[in-house]
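Here is the structure we will look at.
The values are calculated or read from the model by the stated rules, or taken from the named source; none is laboratory data. What you see is a predicted model; the values in this text were computed from it and never measured. When we count neighbours, we look across all protein chains shown, and the Cβ atoms used for this are built from the backbone with ideal geometry, even at glycine. Surface accessibility is based on the protein's heavy atoms, side chains included, excluding ligands, DNA and RNA. Shrake-Rupley method; radii C 1.70, N 1.55, O 1.52, S 1.80 Å.
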Amino acid sequence: MDHDYLRFYAGGEFHQSNSPERLAIINPSTEEHLADVSDCDADDTEKAVAQAVSARISWAALPNRERGLLIGQLGQLIRRDLDEIAELECRDIGRTINECRAHVLRTAETCEYCAGYADKLEGRLIPQKQGAFAYSLVEPYGVVGAITPWNPALLHIIQKTSHALTTGNVIVIKLSPLACLSAYKLTELIEEAGFPPGVFNFVTGTVDAGNALITHPKIDLVSFTGSASVGYKVAGVAGSHGKPVHLELGGKAPAIIFADSDLDSAALDLASATFGSTGQSCTAPTRIFIERPVFEEFTAHFTHYGSVYKGRDPFSPDAKMGPLISQDARQRVLNLVEDAVNNGAKIVHGALDQQLSDKGYFLDPIILSEVTDSAKIFHEEVFGPVTCLYPFDEETEVVDRANSGPSGLAAGLYTNNLARTRRLVNNLRVGNVWVNGYKKLDPALPFGGIKGSGFSRECGVDGLLAFTTPKAVVESFSN
């Protein structure tokens with residue numbers, strides 16, 4: 001189906017935006033203009049929220065199993081149209097076609113996991129003194145206002161939508177202005193699955209639409225995924241309006257390599273984790289700590305495997321890496337590398353001066369060593385195909401360094417020592433630890449961070465329950 005991308009979706013229908021402002025969606029591989037979307041305003045957001053409010057009570061009243069059947073049907077339809085959706089995402093965000101297929105598959109699996117859990121949302125019976133009967137109910141918040149990123153667009157939309165709808169909420173999403181075309185395809189599948197109008201709604205746009213959403217008096221819960229700097233502002237604004245907030249923010253993930261690990265396997269694994277998705281992942285290991293006796297050996301292995309990743313046409317079946325999302329994103333990454341070099345860092349692999357193609361925002365991997373604390377890249381999330389290598393001598397030293405900084409999203413650990421593994425799993429201040437393998441994600445596993453990487457969780461039972469609120473009930477009768 002051809003879409004008029006200047007429209008937003010509310011109440012099961014597309015609506016023309018009141019705003020005359022337009023936002024260009026650009027293919028980051030070719031710089032081709034894909035579409036214009038509206039920079040929706042507060043009036044557009046008001047209409048979307050009103051449609052969600054009108055659907056809230058009837059959707060929450062639907063038996064849990066029936067909501068689960070609809071979510072499961074949506075997952076099946078996503079599987080059916082996997083190739084079409086992956087191609088759309090590939091053009092929209094620039095990740096390789098194989099990566100996009102994997103993301104779309106996980107999108108379907110997320111729906112299927114939620115569908116299976118829908119009829120298992122249960123309260124608890126709580127013992128009380130004789131004459132009183134106490135229990136808790138699990139209730140939806142009501143209307144969820146969500147702000148989603150572009151990386152990858154559909155997966156983040158579905159993670160919030162499937163969790164919110166399964167637990168009886170309705171949702172209004174403010175889509176990323178950088179990549180959002182798969183949301184229009186999603187509306188076809190939602191309608192085909194048989195969802196009632198108003199339970200799923202979205203607006204496009206930037207600050208005005210986002211502010212109108214998180215401050216709207218009928219929004220009961222705000223769920224945000226994106227950068228820490230924006231997330232803190234969202235939390236502040238939402239909090240000033242008395243709204244609970246989910247934050248899934250950025251990371252500065254460490255990976256720790258001990259001498260007793262399989263160095264070749266670790267290097268292969270971390271090259272994929274670092275340079276896959278062109279490094280545009282909040283869990284990308286941008287700080288790799290290597291035990292000093294094997295520093296040179298690991299660096300050689302890692303450089304070898306990293307050199308395979310090159311920014312090329314993401315539709316090529318053997319492509320390992322596509323472009324960055326925009327020219328601004330590319331330049332920001334290069335600026336971080338240049339600053340690091342000016343502060344004493346050495347480039348182990350790659351180069352600052354890269355002209356890879358006439359079109360597209362491509363950047364080949366860059367590996368740094370001897371990065372000083374004064375370099376911006378030491379503290380800031382990179383979000384590009386760049387990582388830094390650091391030697392270490394003692395376990396306590398590397399734990400302190402890994403825990404330094406504001407982020408606490410994920411960490412990787414490579415060792416064959418079980419006792420050490422248990423110590424570090426307990427001592428690393430992150431929400432996710434992967435041992436002898438990196439970025440092991442699954443719809444059944446809770447995902448999220450601590451410290452400056454946010455709070456609450458998505459996925460798994462914890463992710464579903466995050467969209468519910470408990471109600472305590474105590475009944476007492478005299479006869």
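List of remarks:
- Backbone amide hydrogens, once placed in the peptide plane, bring MET321 within less than 5 Å of LYS310, ARG312, excluding anything fewer than 5 places away on its chain.
- A simple rule links phi to the HN-Hα coupling: the Karplus curve 6.51 cos²θ - 1.76 cosθ + 1.60 with θ = phi - 60°, which for segment 158-175 gives 6, 4, 6, 5, 5, 5, 5, 6, 4, 8, x, 7, 10, 9, 10, 10, 9, 7 Hz, with x for Gly and Pro.
- The HN-Hα couplings worked out from phi for segment 96-109 by the Karplus form 6.51 cos²θ - 1.76 cosθ + 1.60 (θ = phi - 60°) are 4, 4, 5, 5, 5, 4, 5, 5, 5, 4, 5, 4, 5, 4 Hz, whole numbers, x standing for Gly and Pro.
- With 0.36 nm allotted per residue and the present C-alpha distance subtracted, the ASN426-TYR232 stretch has 67.1 nm of extension available.
- Dipole moment magnitude, nearest 20 debye, segment 84-172 about Cα centre, only Lys, Arg, Asp, Glu C-beta charged: 360 debye
- Reciprocal of mean inverse Cα separation for segment 128-207 (Kirkwood radius, Å): 14.2 Å
- Electrostatic dipole magnitude of the chain [Cβ: Lys, Arg +1; Asp, Glu -1; Cα centre; debye, to 20]: 1380 debye
- Alpha carbon Rg of segment 86-172, scaled by the compact-globule rule 2.2 N^0.38 Å: 1.54
- Heavy-atom accessible area per residue - the chain, 1.4 Å, Å²: 41 Å²
- When Rg and the Kirkwood radius Rh are both evaluated on Cα atoms of segment 219-340, their ratio Rg/Rh stands at 1.08.
- Set against the 2.2 N^0.38 Å expectation for a compact globular protein, segment 425-479 has a Cα radius of gyration ratio of 1.73.
- Cβ-derived FRET efficiency at R0 51 Å, LYS346 paired with GLU139, nearest 0.05: 0.35
- Label-to-label distance, ASN417 versus ASN436, with points set 7 angstrom from Cα along the beta-carbon direction: 1.5 nm.
- Kirkwood hydrodynamic radius of segment 351-393, Cα pairs, Å: 12.2 Å
- Virtual spin-label span in nm between HIS379 and ARG65, 7 Å along Cα→Cβ: 5.6 nm
- Under 5 Å from the amide H of CYS388 lie the amide H atoms of ARG287, ILE288, LEU368, each residue being 5 or more positions distant or on a separate chain, with H modelled from the backbone and absent for Pro and chain starts.
- A quarter of the convex hull surface defined by the alpha-carbon atoms of segment 313-416 gives 8.7 nm² as the mean projection.
- The accessible surface of the chain, taken with every protein chain in place and a 1.4 Å probe, is 51 percent carbon and sulfur.
- Over all pairs of different C-alpha atoms in segment 27-138, the reciprocal of the mean inverse distance, the Kirkwood hydrodynamic radius, equals 18.0 Å.
- If you take the Cα centroid of segment 224-255 and the Cα centroid of segment 435-479, the two points sit 17 Å apart.
- In plain terms, the chain from THR372 to GLU394 could stretch by 6.0 nm, reckoned as 0.36 nm per residue minus the Cα-Cα distance.
- Whether segment 339-479 is rounded, prolate or oblate, judged on the alpha carbon gyration tensor where a/c under 1.5 counts as rounded: prolate
- Taking 0.36 nm per residue of separation and subtracting the Cα-Cα distance, full extension of the segment from VAL474 to SER307 would add 53.7 nm.
- Scanning residues 5 or more positions from GLY437 or on other chains, those with amide H under 5 Å from its amide H are LEU413, with H placed 1.01 Å from N in the peptide plane.
- The chain - mean residue ellipticity at 222 nm from DSSP helices (-39,500 (n - 2.57) per run, n ≥ 4, rounded to 500): -12000 deg cm²/dmol
- Solvent-free Debye calculation, one equal scatterer per alpha-carbon of the chain: log10 I(q)/I(0) at 0.08 Å⁻¹ equals -0.50.
- Ranked from largest, the principal axis spans of the Cα set of segment 116-155 equal 55, 23, 13 Å.
- Between the C-alpha center of segment 291-365 and that of segment 89-130 there is a gap of 32 Å.
- Cα→Cβ-extended label distance, 7 Å offset, between ASN335 and PHE315, nm: 3.2 nm
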